[in-house]
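Participant: I have a structure I would like to understand better, so I am pasting it below and will then ask my questions one at a time.
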Amino acid sequence: MNNMIILKNIYKNYYSSKKIEVLKNVNFIFKTGKIYSLMGPSGSGKSTLLNLISLIDKPSSGYIKFDNLIIDQEDNDKKDNIRSKKIGIIYQDKNLLSDFNVLENIYMARLSLDNNKKKAVSDAKDIIRKVGLDKRLSHFPSQLSGGESQRVAISRALINSPDIILADEPTGNLDYNNAKEIFKLLFSLKNKNRIIIFATHNRHFANISDCKLNLINGKISSIDGGN
Ligand SMILES: Nc1ncnc2c1ncn2[C@@H]1O[C@H](COP(=O)(O)OP(=O)(O)OP(=O)(O)O)[C@@H](O)[C@H]1O
Ligand SMILES: [Mg+2]
């Protein structure tokens, strides 16, 4: 990614029994090399915003640009392709496929790039070693602690060397020490070609990001170190 993610006049509404306006004219430029935290009350739209950036969901209006190109929200194949090549996503839980072991969970994410299993397995093993889980290669997700599961989730998100890493409350289910370790790992992934955005309810972890964003009343309302 040569530069940035641009959000322009983004609105997002949901319709259940009535219309819910979640995002109301969000404008923001995320720049490479930076790590962003996203805070805001429960229900303020943090996950909604991350789901738009990950191209899992689409805005009601407005547009998103990657590398200065507007994303065609109707072209699902293209969006899937961009997501698998450019974006690593980490959720609070349920990141892993329960019927597959640690190695499989990680290397399978690499196959979407070029279907080279040998390379995928060897890359997966390298990453697993880096996150300190080489002794857990053949464990299944149910046999891992919460902290270990999140290390695997990060490894999986990382295997395609994504330009964008999105983490939605990645430590929401962990105790403080494990959360600290996971954030240490997440921050170590920062590099000049990458944008990292994480949603959190924890002020301490938000404070150590390069740029603190606050979602309130459907807008990014308080910005520290941003544009
Ligand atoms: N698929 C959906 N259909 C209808 N409403 C939805 C849907 N997804 C989210 N919402 C609503 O949109 C609002 C924002 O939800 P969102 O999950 O983005 O909040 P959040 O900031 O991530 O909250 P939390 O901190 O609890 O994770 C909420 O009011 C939620 O009920
Ligand atoms: Mg959320």
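The values are calculated or read from the model by the stated rules, or taken from the named source; none is laboratory data. Predicted, not measured: the structure shown is a model, and the values here were computed from it. A quick note on method: Cβ atoms are made from the backbone with ideal geometry, for glycine too, and the neighbour counts reach across all protein chains shown. Calculation scope for accessible area: heavy atoms of the full protein, side chains included, ligands and nucleic acids excluded. Shrake-Rupley method; radii C 1.70, N 1.55, O 1.52, S 1.80 Å.
Participant: What is the residue count in segment 184-224 for residues that are within 16 Å of ligand 1 (Cβ to nearest atom), within 11 Å of residue 39 (Cα to Cα) and open to solvent by 20 Å² or more (accessible area, probe 1.4 Å)?
Facilitator: Summing the residues that are within 16 Å of ligand 1 (Cβ to nearest atom), within 11 Å of residue 39 (Cα to Cα) and open to solvent by 20 Å² or more (accessible area, probe 1.4 Å) in segment 184-224 gives 9.
Participant: Taking the condition assigned to a loop (DSSP other than H, G, I, E, B) and either more than 21 Å from residue 214 (Cα to Cα) or within 16 Å of ligand 1 (Cβ to nearest atom) (or both), does residue 98 pass?
Facilitator: For residue 98, the condition - assigned to a loop (DSSP other than H, G, I, E, B) and either more than 21 Å from residue 214 (Cα to Cα) or within 16 Å of ligand 1 (Cβ to nearest atom) (or both) - is met.
Participant: Continuing with this model, one more query. What are the residues in segment 112-136 that are assigned to a loop (DSSP other than H, G, I, E, B) and within 24 Å of residue 183 (Cβ to Cβ), if any?
Facilitator: 131, 132, 133
Participant: List pairs: first residue in segment 44-59 and free of Cβ contacts under 8 Å to residues at least 24 places away in the same chain, second residue within 13 Å of ligand 2 (Cβ to nearest atom) and open to solvent by 10 Å² or more (accessible area, probe 1.4 Å) anywhere in the structure, Cβ distance under 9 angstrom, at least six positions apart or on different chains.
Facilitator: Listed by first residue and then by second, the contacts come to 51/57; 51/168.
Participant: So, of the residues in segment 54-71 that are in a strand (DSSP E or B) and open to solvent by less than 20 Å² (accessible area, probe 1.4 Å), which turns out to be nearest to ligand 2 (Cβ to nearest atom)?
Facilitator: Across segment 54-71, the extreme among qualifying residues is 64.
Participant: Okay, next question. Inside segment 169-183, can you point out the residues that are open to solvent by 40 Å² or more (accessible area, probe 1.4 Å), closer than 23 Å to residue 45 by Cβ and of a type in the set (S, T, N, Q)?
Facilitator: Hit for segment 169-183 is 173, nothing else.
Participant: Right, another one. Just to check your reading of the model, which residue among 88, 40, 62, 45 is closer than 21 Å to residue 161 by Cβ and of a type in the set (Gly, Ala, Ser)?
Facilitator: One residue alone meets the criteria, 88.
Participant: Now for a different question. Kindly evaluate residue 51 against the criterion of being under 30 Å from residue 115 (Cα atoms) and either within 15 Å of ligand 2 (Cβ to nearest atom) or open to solvent by 80 Å² or more (accessible area, probe 1.4 Å) (or both).
Facilitator: yes
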